[in-house]
Amino acid sequence: SACVAKSRILALPMGGIEVKSITNAQRTQVVDEWINVALELFPLKSRSFFKTKADPFDNPIGHALATELPKIFDALADGVELAETADSLDCLTEVLCIQGIPPSEALAFIPRLKQVLDAANIAPPSSSSALCSDRIDRLLLLAFDSYSRQQARIADIRVGEIKRRVSTLININRRAWEEPDSLNLAFSEERCKG
């Protein structure tokens, strides 16, 4: 078919050195396997759900992997500056960070792309292998930076929520001291409703 005949060049930074041409079918195979590697983080029952449910609200993890890993792979393959993968990395690390998965486990799928490329027999020739490996390692470092930003953002959200709760309790306590009868009446009405 026309799709199989098309090929893309797996390129490296600084001049987009050709490593090896791969067909779109090979690209799909590599990306699908890379998604499977990333899903190994989760229990077996969850993996099938993540792979089949496309709704980003019902399945944010599966959706993030299915939409962002292909973009990241294409950036790697096309020799795009890795900083341009920041949005995709942020999307992935956000859903993984929310799950509470440590970054060393959550991001382990990134360097395993090297094994996926080897298994698909599209690893770069030995002369370019180190450059390709370095590029994937650089992607991993960017992913750790992104994960750290997500952890800080989530911590800020949690601290803000705690502050709001404490503020509410302080206000209730203050009202109790200022107007004890109105507070007792409010609590009594709540008990009657419950």
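The values are calculated or read from the model by the stated rules, or taken from the named source; none is laboratory data. In this text the structure is predicted, and so the values were computed from the model without any measurement. In this analysis, Cβ positions are derived from the backbone assuming ideal geometry, glycine residues included, and neighbour counts consider all displayed protein chains. Areas reflect the complete protein model, heavy atoms only, side chains present, ligands, DNA and RNA absent. Shrake-Rupley method; radii C 1.70, N 1.55, O 1.52, S 1.80 Å.
Among the conditions (1) surrounded by fewer than 20 Cβ atoms within 10 Å (Cβ to Cβ); (2) assigned to a helix (DSSP H, G or I), the only one that Pro56 does not satisfy is (2).
One residue stands out in the range 1-46 among those that are more than 20 Å from Gln115 (Cβ to Cβ) and in a loop (DSSP other than H, G, I, E, B): the one that is modelled with the lowest pLDDT, namely Ser1. Within this structure, Asp156 fails the test of being in contact (Cβ under 8 Å) with a residue 24 or more places away in the chain and in a helix (DSSP H, G or I).
Residues in the range 81-90 that are surrounded by 20 or more Cβ atoms within 10 Å (Cβ to Cβ) and either touching an Asp or Glu at 6+ places or on another chain (Cβ under 8 Å) or not in a helix (DSSP H, G or I) (or both): Ser88, Leu89. Counting only residues that are at pLDDT 85 or above and of a type in the set (Ser, Thr, Tyr), how many does the range 47-60 have? Selection size over the range 47-60: 0.
With respect to the conditions (1) under 11 Å from the mean Cα position of the chain (by Cα); (2) open to solvent by less than 60 Å² (accessible area, probe 1.4 Å); (3) not small (Gly, Ala, Ser), Pro102 lacks only one, and its number is (1). Which residue is modelled with the highest pLDDT, if the candidates are limited to the range 117-148 and must be among the acidic types (Asp, Glu) and over 14 Å from Glu81 (Cα atoms)? This residue is Asp145. Somewhere in the range 141-148, is a residue over 13 Å from the mean Cα position of the chain (by Cα) and open to solvent by 90 Å² or more (accessible area, probe 1.4 Å)? Within the range 141-148, one or more residues are over 13 Å from the mean Cα position of the chain (by Cα) and open to solvent by 90 Å² or more (accessible area, probe 1.4 Å).
Any residue in the range 71-80 that is surrounded by fewer than 18 Cβ atoms within 10 Å (Cβ to Cβ), on the phi > 0 side of the Ramachandran plot and over 15 Å from the mean Cα position of the chain (by Cα)? No; the residues of the range 71-80 include none that is surrounded by fewer than 18 Cβ atoms within 10 Å (Cβ to Cβ), on the phi > 0 side of the Ramachandran plot and over 15 Å from the mean Cα position of the chain (by Cα).
Within the range 95-104, is there a residue that is at positive phi and either free of Cβ contacts under 8 Å to residues at least 24 places away in the same chain or not in a helix (DSSP H, G or I) (or both)? Yes - at least one qualifying residue is present in the range 95-104. Listed conditions (1) open to solvent by 40 Å² or more (accessible area, probe 1.4 Å); (2) assigned to a helix (DSSP H, G or I); (3) at pLDDT below 90 are all met by His63, apart from (3).
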